[in-house]
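The values are calculated or read from the model by the stated rules, or taken from the named source; none is laboratory data. Here the structure is a predicted model, which means the values were calculated and not measured. Please note: Cβ atoms are built from the backbone with ideal geometry, for glycine as well, and neighbour counts cover all protein chains shown. Please note that ligands, DNA and RNA were not included when accessible areas were found on the heavy atoms of the full protein model with its side chains. Shrake-Rupley method; radii C 1.70, N 1.55, O 1.52, S 1.80 Å.
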Amino acid sequence: MTASLTYYKFSLPLKTPFTTSFGTDTNRVAYIFHLNANGIDAFSESVANVGPFYSYEDNETIFHIVKQYLADMVRDLPQPEEFLRRAERIRGHNMAKATMEMLLWDYHAKVAQKPMHLAVGKSKGYADVGISIGMETPEKMVNSISAALEKGYKRIKVKIEKSKELSILTAIRDVYPEIPLSVDANTDYTLKDMETLKKIDRFNLVYMEQPLDHDDLVDHATLSKNISTPICLDESITSPDRARKAFEIGAGEIINIKPGRVAGFTNSMEIAKITRENGGHVWIGGMLETGIGRAYNVAIASSVLIDYPGDTSPNEKYFERDLVRNPFTMSNGIIKPNQGPGIGVDVDLEYLKKVSVDSGKLF
Ligand code: OSB
Ligand code: MG
């Protein structure tokens, strides 16, 4: 058997810049990994942002860890769980681990001729879809929300940051007093901002996503006792163990799972299970992925364990042209996972090569 692992570092302009409390992205720059073995082609996509601002990982730490350590652990095509065991001695670097773990999920699902949404467990056969709207002027955000509601999105999430939150929320609730609305602060607040956080609490939100520090659980538990809006954790949940601890101390009631943040699908499914066993709710987030990364997210978002709409908007929201020839379409706020084997995407290799700024072989 000869297997090969090829990487492509691509840069795709976003249709419009995406702003969060930690910065603005104008391009999606990430790595695609392509595993070829036994006549099967598997693909995965890294989820880091350009800089280490969402988490400490960035594109180049991911590439370094994959090249120096993880590629060798993939060569003999282990099952994802076996790969995770091997990778355990590397501290952290979950996004790097996820690229290889998910690549192995795709490979083995294709060997078994199974679509990914069935390979990961019991499937609903569809994913409920919400939208994540980047920060803009309140007027522009209201316009984006109108367009999103027309398209059928089931939940609206808006990015906020300190001092902009009240004008944004007031503008939205003036026009849409009842829509299912949430905010994502991407860690911009501390407990010293309790007065503001209590004001946010009055806007009848489905949840408040990651208001406090990126690795905090304890202060979230304190906040949660002081407000009635449920807290949704994103950045803070990096493993099943962290999810267990979050529920143990009451740090939140909802978890946004991004497979990349938690080293892949095995841990994602475990976190979903822990969340539901604790009476919590769970949904699948996004990191502005192309059709390749999105196909993983939609597959896992279709699991029966996932009970809230996720950030799995179809890619036309972000890109003029996708890296896959069969991008998702949404109807009535629902996206159906691909039915082909594995992630079921038809990768446009020609276009991927065209938008790549670097590529090569790891084995
Ligand atoms: O916190 O959910 C987040 C994008 C980049 C970094 C962090 C986040 C996001 C999103 C994007 O909200 C959601 C999407 O991919 O559509
Ligand atoms: Mg978030």
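Determine if region 251-264 includes at least one residue that is part of a helix (DSSP H, G or I) and open to solvent by 10 Å² or more (accessible area, probe 1.4 Å). Step through it out loud before you land on a result.
Quick first cut of region 251-264, residues part of a helix (DSSP H, G or I) only: 259-262.
Next, from what is left, pick out any that are open to solvent by 10 Å² or more (accessible area, probe 1.4 Å): 261.
So far as region 251-264 goes, yes, one or more of its residues are part of a helix (DSSP H, G or I) and open to solvent by 10 Å² or more (accessible area, probe 1.4 Å).
Specify which of the listed residues (Y318, Y296) is more than 26 Å from K114 (Cβ to Cβ), open to solvent by less than 20 Å² (accessible area, probe 1.4 Å), touching a residue at least 40 places away in the same chain (Cβ under 8 Å) and within 18 Å of the chain's Cα centre (by Cα).
Values: Y296 fails: more than 26 Å from K114 (Cβ to Cβ).
Answer to the check: Y318.
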When restricted to D174, D215, the only residue within 16 Å of ligand 1 (Cβ to nearest atom) and of a type in the set (D, E, K, R) is D215
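Rundown of residues vs (1) within 23 Å of I335 (Cβ to Cβ); (2) without any contact (Cβ under 8 Å) to a residue 40 or more places away in the chain, yes/no style:
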residue: F247; (1), (2): no, yes
residue: G260; (1), (2): yes, no
residue: A263; (1), (2): no, no
residue: A272; (1), (2): yes, yes
residue: G279; (1), (2): no, yes
residue: W283; (1), (2): yes, no
Output for region 1-23, where each listed residue is touching a residue at least 60 places away in the same chain (Cβ under 8 Å), assigned to a strand (DSSP E or B) and within 16 Å of ligand 2 (Cβ to nearest atom):
F18, T19, T20
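Being touching a Leu at 6+ places or on another chain (Cβ under 6 Å) and aliphatic (A, V, I, L, M), is that true of even one residue in region 43-63?
So the first thing to find is which residues in region 43-63 are touching a Leu at 6+ places or on another chain (Cβ under 6 Å), and the list is 44.
Applying the additional criterion that residues be aliphatic (A, V, I, L, M) yields none.
Among the residues of region 43-63, not one is touching a Leu at 6+ places or on another chain (Cβ under 6 Å) and aliphatic (A, V, I, L, M), which makes the answer no.
Residues to consider are G134, G152; find the one that is touching a Lys or Arg at 6+ places or on another chain (Cβ under 7 Å) and either of a type outside the set (K, R) or closer than 23 Å to Y308 by Cα (or both). Explain how you work it out, then say what you get.
Details: G152 fails: touching a Lys or Arg at 6+ places or on another chain (Cβ under 7 Å).
After ruling out the rest, the residue left standing is G134.
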For region 24-43, which positions are among the small types (G, A, S) and either within 16 Å of ligand 1 (Cβ to nearest atom) or not in a strand (DSSP E or B) (or both)?
A30, G39
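Tell me which residues, restricted to region 174-200, are part of a helix (DSSP H, G or I) and open to solvent by 30 Å² or more (accessible area, probe 1.4 Å).
Just the residues of region 174-200 that are part of a helix (DSSP H, G or I), to begin with: 174-175, 191-200.
Across region 174-200, the qualifying residues are D174, V175, L191, K192, M194, E195, T196, K198, K199.
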Selection from region 321-359 of residues that are small (G, A, S), outside any strand (DSSP E or B) and either touching a Ser or Thr at 6+ places or on another chain (Cβ under 6 Å) or closer than 17 Å to P115 by Cβ (or both):
G340, G344
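Can you tell me which residue in region 323-333 is nearest to L14 (Cα to Cα), limited to those that are surrounded by fewer than 16 Cβ atoms within 10 Å (Cβ to Cβ) and touching a residue at least 40 places away in the same chain (Cβ under 8 Å)? Step through it out loud before you land on a result.
Pass one, region 323-333, residues surrounded by fewer than 16 Cβ atoms within 10 Å (Cβ to Cβ): 325-326, 329, 331-332.
Okay, now just the ones that are also touching a residue at least 40 places away in the same chain (Cβ under 8 Å), so 331-332.
Working: S331: 23, N332: 25 Å.
Going through the qualifying residues, I end up with S331.
Mind listing just one residue for me: the one in region 265-281 that is open to solvent by 20 Å² or more (accessible area, probe 1.4 Å) and farther than 19 Å from A87 by Cβ and, of those, nearest to ligand 2 (Cβ to nearest atom)? It would help to see each step written out before you state the result.
Initially, region 265-281 is screened for residues open to solvent by 20 Å² or more (accessible area, probe 1.4 Å), giving 266-267, 269-270, 273-274, 276-279, 281.
The next check asks that each one be farther than 19 Å from A87 by Cβ; those that pass are 273-274, 276-279, 281.
Working: K273: 21, I274: 19, R276: 20, E277: 23, N278: 20, G279: 22, H281: 15 Å.
Selected residue: H281.
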For region 305-313, check the following and say yes or no: at least one residue is surrounded by fewer than 22 Cβ atoms within 10 Å (Cβ to Cβ), under 18 Å from the mean Cα position of the chain (by Cα) and free of Cβ contacts under 8 Å to residues at least 60 places away in the same chain.
yes
